Amino acid sequence: MDIVIGVTGATGTIYAVKLLETLNDINGIKTHLILSDWAIKNLEIETEYKVNYLKNLANYVYDNKDLGAKISSGSFITDGMIILPCSMKTLSSIANGYDDNLISRTAGVMIKEGRKLVLSARETPLSPIHLENMLKLSRIGVRMVPPMPAFYNNPKTLDDIINHHIMKLLDQFNINYNKAKRWNG
C-alpha cells in the first residue's frame with residue numbers, strides 16, 4: 001500500500017509525526033511525504049522533533065515546489081492521500097483546483113483519479129468560507145476527518161487523544177490500529 005502524506009502549516013504537526021511513526025511500523029505500507037514550508041516551521045515551534053526525523057520516517061520525501069514529482073501524475077498509482085494537518089489555505093486551494101504546489105496538485109490527482117483523499121483540517125472557529133469549501137469537497141467524496149478529541153475513551157494523556165485521531169485516519173484506509181480505545185457500546 002502506498003499512501004501520500006501531506007503536512008501543511010496548520011497547528012498540530014504532532015499528529016503528522018505520530019501518523020508517520022505508526023505507518024513506519026506497519027509492514028507493506030510505503031509513505032510518500034510532502035512538507036510545506038510552514039509545516040516545517042510549525043514542527044520546530046510546536047514540538048521537539050527535527051524535520052530530518054520526520055523525513056526519515058517516510059519511504060519517499062518530495063519538495064513541495066516540485067510539481068513534476070511522480071506523485072503529481074495520475075499514472076503513478078497510490079492508495080490515497082492524507083493531509084494532516086490541513087491548513088485552510090490548502091483546503092481552499094484543493095476546493096478550487098488551484099494546484100500551485102505539490103500538496104495541492106497531488107490532492108487534485110487523488111480527486112481526478114477517484115482515489116481516497118482525507119483532509120484533517122485544523123482551524124477554529126470555522127468561517128462560512130471554510131465550511132463551504134469542506135462541503136464542496138465532501139460532496140465529491142473527499143473525507144473530512146478533523147482532529148476532534150473523543151472523551152468516551154477516558155483519555156489520560158495527550159498521546160491518548162492523538163492516538164484516537166490516528167485510529168480514525170487509518171480507519172479510512174481499513175488499516176487496523178490497536179493503540180486507541182474504540183466505542184464498545
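The set of residues in the range 137-158 being touching a Ser or Thr at 6+ places or on another chain (Cβ under 7 Å) and either among the hydrophobic types (A, V, I, L, M, F, W, C) or in contact (Cβ under 8 Å) with a residue 60 or more places away in the chain (or both) consists of 144, 145, 147.
Remark: pairs (first residue in the range 38-57, polar (S, T, N, Q); second residue open to solvent by 20 Å² or more (accessible area, probe 1.4 Å) and part of a helix (DSSP H, G or I); Cβ separation under 8 Å; 6+ apart in sequence or on different chains) = 47/14.
Restricting attention to the range 159-185, the residues that are in a loop (DSSP other than H, G, I, E, B), closer than 25 Å to residue 86 by Cα and either of a type in the set (S, T, N, Q) or in contact (Cβ under 8 Å) with a residue 60 or more places away in the chain (or both) add up to 8. Residues that are surrounded by 13 or more Cβ atoms within 10 Å (Cβ to Cβ), within 17 Å of residue 8 (Cβ to Cβ) and within 17 Å of the chain's Cα centre (by Cα) within the range 58-79 comprise 58, 61, 62, 64, 71, 72, listed in sequence order.
Checking each residue in the range 141-185 for being exposed (fewer than 12 other Cβ atoms within 10 Å of the Cβ), within 23 Å of residue 26 (Cβ to Cβ) and among the hydroxyl-bearing types (Ser, Thr, Tyr) picks out only 157. Of the strands (runs of 3 or more DSSP E) lying entirely inside the range 53-150, those containing at least 2 residues that are of a type in the set (Ser, Thr, Tyr) span 60-63.
Using beta carbons and a limit of 8 Å, which pairs, at least six apart or on different chains, have the first residue in the range 111-133 and without any contact (Cβ under 8 Å) to a residue 60 or more places away in the chain and under 14 Å from residue 83 (Cβ atoms) and the second one outside any loop (DSSP other than H, G, I, E, B) and open to solvent by 70 Å² or more (accessible area, probe 1.4 Å)? Listed by first residue and then by second, the contacts come to 116/143; 117/143; 118/143; 119/143. Among the candidates 14, 26, 3, the residue that is among the β-branched types (Val, Ile, Thr) and either exposed (fewer than 14 other Cβ atoms within 10 Å of the Cβ) or without any contact (Cβ under 8 Å) to a residue 12 or more places away in the chain (or both) is uniquely 26.
Output yes when any residue across the range 107-122 is surrounded by fewer than 15 Cβ atoms within 10 Å (Cβ to Cβ) and over 26 Å from residue 77 (Cα atoms), and no when none is. No, because not a single residue in the range 107-122 is surrounded by fewer than 15 Cβ atoms within 10 Å (Cβ to Cβ) and over 26 Å from residue 77 (Cα atoms). Is it the case that residue 98 is over 13 Å from the mean Cα position of the chain (by Cα), open to solvent by 70 Å² or more (accessible area, probe 1.4 Å) and among the aromatic types (Phe, Trp, Tyr)? When the stated conditions are applied, residue 98 passes them.
The values are calculated or read from the model by the stated rules, or taken from the named source; none is laboratory data. Since this is a predicted model, take the numbers as computed values, not measurements. Cβ atoms come from the backbone with ideal geometry, glycine included; neighbour counts cover every protein chain shown. Accessible surface is based on the protein model in full, side chains and every heavy atom, while ligands, DNA and RNA are left aside. Shrake-Rupley method; radii C 1.70, N 1.55, O 1.52, S 1.80 Å.
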